[in-house]
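K.L.:
Pasting a structure here, questions to come.
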Amino acid sequence: MTTEAETYEIQVRGHLDHHWATWLGAADLHHNSDGTTSIRTAPIDQSQLHGLLAQLRDIGAAVTMLKATDVPEEGRSTAALAQPLTTQRLTLRSATPGDADATWQYRRLPDVAEWLTTGRGTQPGARAPGRGRRTLDPEHTGRGYATEAAGALIDHCFTTLGVRRVVANCFADNTAPVRLIERSGMRREEHAVRGSLHRSGHWLDTSRYALLADEWPTCDSPRTVPTPRASS
């Protein structure tokens, strides 16, 4: 539920004048020999990235490439989940480089890779999957694991971190997380038509959900864990 800053490289058609760099908040703007312009951002989160893409659209710049790049250590935000979080059946923790091989086995599957916010054509190396890129292995769906994990994370946000409001964004056509978010009790507050740029280069509809702390069970209330569905 938290947002980690990343740097991005964006390529657009044509040579943008360098005065746009400040307006776009870009760390670097470079003219390429093929007639395109490469824009490297400072560390930004997903909402800031979407704002930048909207600015480019407003000035008529056609995006031809978008990719995340490594963030310098000093530019990375601190993970909110500082220690593992244990539920009835799961242990939730931040990813490590040692997870790369295992997660790559299902992240490379077309049905999974289609909805990852960034994609790499080769197996991840030393860097572990980052925020927003961990998906559930299809081999283990249908058992309530994702719902159990989402409920635990929401509860952690409200009761441990003390946040006032939790939000979730997803591509509207990505039905699995939509169902998960709605099962978690979050309400849909916005449907944006062609609101986010998919890494395929197409603008897709997005949905935004939210939940307030006073709408979540209090600390004194028993936590309800959804009953897992029987495996077929």
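K.L.:
Counting only protein chains, not ligands or nucleic acids, how are Ser200, Ser94, Ser207, Ser33 ordered by accessible area (probe 1.4 Å), most first?
P.N.:
Ser33, Ser200, Ser94, Ser207
K.L.:
Right, another one. So if we plug the beta-carbon distance of Leu92 and Asp205 into 1/(1 + (r/R0)^6) with R0 = 30 Å, what FRET efficiency do we get, rounded to 0.05?
P.N.:
So the FRET efficiency works out to roughly 0.55.
K.L.:
If you don't mind, there's one more thing I want to ask. Between Asp45 and Ile59, with labels modelled 7 Å along Cα→Cβ, what's the label distance in nm to one decimal, could you check?
P.N.:
Simple spin-label model gives 2.5 nm for this pair.
K.L.:
On to the next question. Ignoring everything but the protein chains, give the 1.4 Å probe accessible area of Glu139 in square angstrom, nearest 10.
P.N.:
140
K.L.:
Count charges around Leu29 for me, please; just the other residues with Cβ under 13 Å from its Cβ, Lys/Arg as +1, Asp/Glu as -1.
P.N.:
-2
K.L.:
With a 1.4 Å probe and all protein chains kept in place, how much accessible area does Leu204 have, in Å² rounded to the nearest 10?
P.N.:
Counting only protein heavy atoms, Leu204 exposes about 50 Å² to solvent.
K.L.:
Roughly how much of Ile181 is accessible, in Å² to the nearest 10, using a 1.4 Å probe?
P.N.:
Only protein atoms counted, so the area is about 20 Å².
K.L.:
Here's another thing I want to ask about it. Taking all protein chains together and a probe of 1.4 Å, list His31, His202 from the most accessible to the least accessible.
P.N.:
Of His31, His202, the descending order of accessible area is His202, His31.
K.L.:
Given a 1.4 Å probe and heavy atoms of the protein chains only, how would you sort Trp216, Trp23, Trp203, largest accessible area at the top?
P.N.:
Largest to smallest exposure gives the sequence Trp23, Trp203, Trp216.
K.L.:
Please turn the phi angles of region 166-177 into ³J(HN,Hα) values with the Karplus equation 6.51 cos²θ - 1.76 cosθ + 1.60 (θ = phi - 60°), one per residue in order, whole Hz, x for glycine and proline.
P.N.:
So the J values, rounded to whole Hz, are 10, 10, 9, 10, 7, 5, 4, 7, 8, 5, 4, x.
The values are calculated or read from the model by the stated rules, or taken from the named source; none is laboratory data. All of these numbers come straight from a predicted model, not from anything done at the bench. Here Cβ is always computed from backbone atoms with ideal geometry, including for glycine, and neighbour counts include all displayed protein chains. Heavy atoms of the whole protein, side chains included, go into the accessibility calculation; ligands, DNA and RNA do not. Shrake-Rupley method; radii C 1.70, N 1.55, O 1.52, S 1.80 Å.
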